[in-house]
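Undergrad: Handing you a structure now.
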Amino acid sequence: MEDVKSVLQADAAKHVEQGLHLEHLWQNVDDPEEIIFLFRIDNPTLAKKFIARVHKEALKQDPTVNLPLMTYLEER
C-alpha cells in the first residue's frame, strides 16, 4: 500500500495536468496486495490516451511491471 501511495503522490501533479483527480484509495482487508483507487476524470478520452501512453512506457522499461487494471465508469 505504501508503494502505491508513494507512486500516486509522486505522479499527482502529472495526473491533475491530464485531468485525473484521485478521489479514493482502498486496500482489500482480505488480500492486502489488492489496492483499488478511484480517479475522477475530466475527459475519459484524454484519460484513456494518457494511461495507455504511461502503461506502454512502463512496459518498455520493465515487461514484468505490475500495472493496474483500469476500468472507466460513467455516473448515470
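Undergrad: Of all residues being farther than 19 Å from Met1 by Cα and of a type in the set (S, T, N, Q) in region 21-58, which is surrounded by the most Cβ atoms within 10 Å (Cβ to Cβ)? Just the residue, please.
TA: Asn43
Undergrad: Among the residues of region 1-51, which ones are touching a Leu at 6+ places or on another chain (Cβ under 8 Å) and among the polar types (S, T, N, Q)?
TA: Once the filter is applied, which keeps residues that are touching a Leu at 6+ places or on another chain (Cβ under 8 Å) and among the polar types (S, T, N, Q), region 1-51 yields only Gln18.
Undergrad: For the subset of region 59-76 comprising residues that are among the polar types (S, T, N, Q) and part of a loop (DSSP other than H, G, I, E, B), which member is surrounded by the fewest Cβ atoms within 10 Å (Cβ to Cβ)?
TA: Residues of region 59-76 that are among the polar types (S, T, N, Q), as a first pass: 61, 64, 66, 71.
When the remaining residues are screened for being part of a loop (DSSP other than H, G, I, E, B), the result is 64, 66, 71.
Details: Thr64: 5, Asn66: 8, Thr71: 7.
The residue in question is Thr64.
Undergrad: Of all residues in region 10-39, which are in contact with a helix residue (DSSP H, G or I) (Cβ under 9 Å, 6 or more places away or on another chain) and in a strand (DSSP E or B)?
TA: Leu20, His21, Leu22, Leu25, Gln27, Ile35, Phe37, Phe39
Undergrad: Those residues that are within 19 Å of Leu22 (Cβ to Cβ) and part of a helix (DSSP H, G or I), I need them from region 40-51; list them, please. Break it down into steps so the answer makes sense when it comes.
TA: First pass over region 40-51, keeping only residues within 19 Å of Leu22 (Cβ to Cβ): 40-44, 46-51.
Answer for region 40-51, where residues must be within 19 Å of Leu22 (Cβ to Cβ) and part of a helix (DSSP H, G or I): Pro44, Leu46, Ala47, Lys48, Lys49, Phe50, Ile51.
Computed from the coordinates by the stated procedures, all read-outs in this text should not be read as laboratory data. Here the structure is a predicted model, which means the values were calculated and not measured. Note that each Cβ is placed from the backbone with ideal geometry, even for glycine, and that neighbours are counted across all protein chains shown.
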